[in-house]
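Single-structure report; data block below.
The values are calculated or read from the model by the stated rules, or taken from the named source; none is laboratory data. These numbers were taken from a predicted model, which means no experiment stands behind them. With ideal geometry, Cβ positions are generated from the backbone for all residues, glycine too; neighbour counts draw on all protein chains shown.
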Protein chains: 2
Amino acid sequence: MSKPSAHIISTAPQGDDRTLSGQTTVALREAIINGDIAPGEKLNEPKLAEQFKVSRGPLREAIRRLVAMRLVRHIPNVGATVVTLELQSILELYDVREALEGKAAALAAENMSEHDIAKLRELLEVHRQHSEDNAGEYMQTDGDFDFHYQIIKGSGNQLLTDQLCDELYHLIRMFRVQTSRFKSRSDRALIEHEQLIYAIEQRDPQLAEMLMRKHITRAKASIKHALSNTELDNTDSI
Amino acid sequence: MSKPSAHIISTAPQGDDRTLSGQTTVALREAIINGDIAPGEKLNEPKLAEQFKVSRGPLREAIRRLVAMRLVRHIPNVGATVVTLELQSILELYDVREALEGKAAALAAENMSEHDIAKLRELLEVHRQHSEDNAGEYMQTDGDFDFHYQIIKGSGNQLLTDQLCDELYHLIRMFRVQTSRFKSRSDRALIEHEQLIYAIEQRDPQLAEMLMRKHITRAKASIKHALSNTELDNTDSI
DNA sequence: AAAAGCGATATTGTTGACAATATTGTCCTT
DNA sequence: AAGGACAATATTGTCAACAATATCGCTTTT
């Protein structure tokens with residue numbers, strides 16, 4: 001029901017953590033991202049502990065890790081709740097992505113091996129094929145992720161990779177699940193990816209950074225446009 | 001012995017957390033940053049728990065929070081150790097700072113209130129005075145921090161602020177403590193701060209971003225130069 | 001003498017009970 | 001009837017004991 005949704009992605013966070021709190025972290029994380037636990041909902045420790053068949057210790061630890069990933073907010077002596085992704089915080093997230101992934105693209109242009117660049121281009125071609133077959137539906141979901149992921153890893157900067165892939169990554173995933181009804185931009189994204197990979201092949205850090213930043217900025221703008229009226233949560237009832 | 005070392009800084013992380021694990025987090029964090037617990041040293045849970053007069057529960061939680069701050073590494077079933085700041089990872093840190101603080105400066109140029117900009121300039125003047133009095137010693141330590149801190153907060157981006165001020169901030173502090181014997185660049189930094197504040201006053205995001213990035217890039221270069229031969233830890237013995 | 005296997009020890013992971021704090025519902029006052 | 005004080009309940013924070021795993025030192029083998 002909630003496995004990490006098989007990607008091409010290699011570095012699975014908490015990958016080889018057979019410890020109970022590790023497994024609980026993954027399970028709880030996926031439950032939150034999938035919306036099984038709703039945004040804003042309180043995380044009741046005894047109930048969740050029973051649900052996951054663990055004691056409160058490992059569960060609490062899992063919650064703390066999700067706090068670090070910004071999927072959960074915690075107030076001392078009060079408790080933890082699932083974050084609610086307001087438009088405001090999503091836009092903030094995209095500004096951070098712009099900065100970090102822009103730099104990642106620049107570093108990738110400098111450091112990525114020829115071999116990895118070739119694999120990246122392969123990936124792009126696969127996505128292009130999927131896009132043509134499925135009328136552009138594939139791109140926005142998994143394909144885009146993998147592409148960005150590879151570039152980030154290609155930066156060779158471990159800290160940068162951790163920040164993006166271990167922390168912010170899940171926040172982005174959560175947002176995408178919540179807004180999956182909106183789909184868009186896949187052919188344009190394809191073109192932008194094409195330009196980006198060209199810049200990396202040419203070993204042009206400045207161009208790669210600028211293209212990545214524009215790419216993310218445009219995504220941000222399209223989100224802003226799509227959600228500025230249609231708010232995320234259905235606040236009809238209030 | 002290990003209070004948060006009084007800054008002008010307002011948003012103290014874990015500030016109003018009177019809980020045991022909160023206090024332990026702060027205490028352990030400062031012990032690590034000050035070097036009371038050496039880089040690479042193992043964090044023995046029973047020993048540390050006794051030392052801090054708490055049980056292992058809160059201590060473990062503190063350790064996990066420091067893992068999120070990247071001050072500590074943890075391997076399941078093996079334990080936690082204080083990070084060792086190799087030159088490599090410090091350079092990585094500065095690349096991330098360049099990206100994030102650059103964007104922060106741009107956002108500050110857009111969003112910072114006139115009042116806050118005025119306060120920022122005041123701060124700069126105070127630092128200039130200190131620098132003249134103390135032959136440039138002050139800048140590199142606390143003054144620089146406060147200045148960057150204010151700009152980051154001025155970005156108005158909460159996520160960005162959290163990432164920089166709650167997480168990476170302490171890593172930078174730790175690095176500075178370990179390299180306090182090197183001092184430098186204070187008058188140049190002052191000039192660069194002056195230019196930066198001017199760009200913000202002029203509401204010029206692009207210029208502000210570029211100046212901040214150059215500022216950090218130069219700091220990175222000077223660190224690289226200073227440490228390329230002189231390694232951090234005294235590996236004489238081996 | 002070096003390496004591998006094995007047992008003893010130490011350390012981390014997990015659990016359930018207890019303490020402290022917050023929340024809820026009820027009763028009383030105005 | 002509305003608001004506040006107080007008791008009852010629920011929830012989080014903390015602890016100490018237990019289980020599982022890793023580490024260390026020894027013996028044994030080649």
A:Gly156 fails exactly one of (1) at pLDDT 95 or above; (2) more than 13 Å from A:Leu120 (Cβ to Cβ); (3) assigned to a helix (DSSP H, G or I), namely (3)
Pairing a residue in region A:90-114 that is of a type in the set (S, T, N, Q) with any residue that is outside any helix (DSSP H, G or I) and crowded, with 20+ Cβ neighbours inside 10 Å, where Cβ atoms lie under 9 Å and the two sit 6 or more apart in sequence or on different chains, gives A:Asn111/A:Ser155; A:Asn111/A:Asn157
Flagged pairs (Cβ under 6 angstrom, 6 or more apart or on separate chains; first in region A:34-56, within 18 Å of A:Leu71 (Cα to Cα) and among the polar types (S, T, N, Q); second away from DNA strand D (no atom under 13 Å from the Cβ) and at pLDDT below 95) are A:Asn34/A:Ser2
In the set B:Gly102, B:Gly57, the lone residue that is more than 16 Å from DNA strand C (Cβ to nearest atom), among the small types (Gly, Ala, Ser) and within 11 Å of chain A (Cβ to nearest Cβ) is B:Gly102
All-but-one check, B:Asn77 against (1) within 11 Å of chain A (Cβ to nearest Cβ); (2) within 11 Å of DNA strand C (Cβ to nearest atom); (3) modelled with pLDDT of 95 or more; (4) at negative phi, failing number (4)
Of (1) over 30 Å from B:Leu107 (Cβ atoms); (2) touching a strand residue (DSSP E or B) at 6+ places or on another chain (Cβ under 7 Å); (3) within 10 Å of another protein chain (Cβ to nearest Cβ), A:Arg18 satisfies every one except (2)
Given the conditions (1) among the polar types (S, T, N, Q); (2) part of a loop (DSSP other than H, G, I, E, B); (3) within 17 Å of the chain's Cα centre (by Cα), every one holds for A:Ser89 apart from (2)
Meets criteria (away from DNA strand C (no atom under 14 Å from the Cβ), at the interface with chain B (Cβ under 10 Å from one of its Cβ atoms), surrounded by fewer than 21 Cβ atoms within 10 Å (Cβ to Cβ) and not charged (D, E, K, R)) for A:Ser89
yes
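Looking at region B:15-26, which of the residues that are within 17 Å of the chain's Cα centre (by Cα) and outside any loop (DSSP other than H, G, I, E, B) is surrounded by the most Cβ atoms within 10 Å (Cβ to Cβ)? Before the answer, list the steps.
Start the filter on region B:15-26 by keeping residues that are within 17 Å of the chain's Cα centre (by Cα), which leaves B:15, B:25-26.
From the residues that got through so far, the ones that are outside any loop (DSSP other than H, G, I, E, B) too are B:25-26.
Working: B:Thr25: 23, B:Val26: 19.
If we take residues in region B:15-26 being within 17 Å of the chain's Cα centre (by Cα) and outside any loop (DSSP other than H, G, I, E, B), then B:Thr25 is surrounded by the most Cβ atoms within 10 Å (Cβ to Cβ).
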Residues of region B:185-214 being modelled with pLDDT under 95 and part of a helix (DSSP H, G or I), in sequence order, are B:Ser186, B:Asp187, B:Arg188, B:Ala189, B:Leu190, B:Ile191, B:Glu192, B:His193, B:Glu194
Within region B:13-54, the residues that are near DNA strand C (Cβ under 9 Å from one of its atoms) and farther than 21 Å from B:Pro76 by Cβ are B:Arg18, B:Thr19
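Can you tell me which residue in region A:72-95 is farthest from DNA strand D (Cβ to nearest atom), limited to those that are of a type in the set (A, V, I, L, M) and in contact with a helix residue (DSSP H, G or I) (Cβ under 7 Å, 6 or more places away or on another chain)?
Here is the first cut: in region A:72-95, the residues of a type in the set (A, V, I, L, M) are A:72, A:75, A:78, A:80, A:82-83, A:85, A:87, A:90-91, A:93.
When the remaining residues are screened for being in contact with a helix residue (DSSP H, G or I) (Cβ under 7 Å, 6 or more places away or on another chain), the result is A:72, A:80, A:82, A:85, A:87, A:90-91, A:93.
Numbers: A:Val72: 11, A:Ala80: 6, A:Val82: 12, A:Leu85: 21, A:Leu87: 28, A:Ile90: 26, A:Leu91: 30, A:Leu93: 26 Å.
Ranking the qualifying residues of region A:72-95, first place goes to A:Leu91.
Matching residues to (1) touching a residue at least 24 places away in the same chain (Cβ under 8 Å); (2) within 26 Å of A:Leu87 (Cβ to Cβ); (3) surrounded by fewer than 14 Cβ atoms within 10 Å (Cβ to Cβ); (4) not hydrophobic (A, V, I, L, M, F, W, C):
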site	(1), (2), (3), (4)
A:Arg181	no, yes, yes, yes
A:Ser186	yes, yes, no, yes
A:Ala189	yes, yes, no, no
A:Glu192	yes, yes, no, yes
A:Tyr198	no, no, no, yes
A:Asp204	yes, no, no, yes
A:Glu209	yes, no, no, yes
A:Lys214	no, yes, no, yes
A:Lys220	yes, yes, no, yes
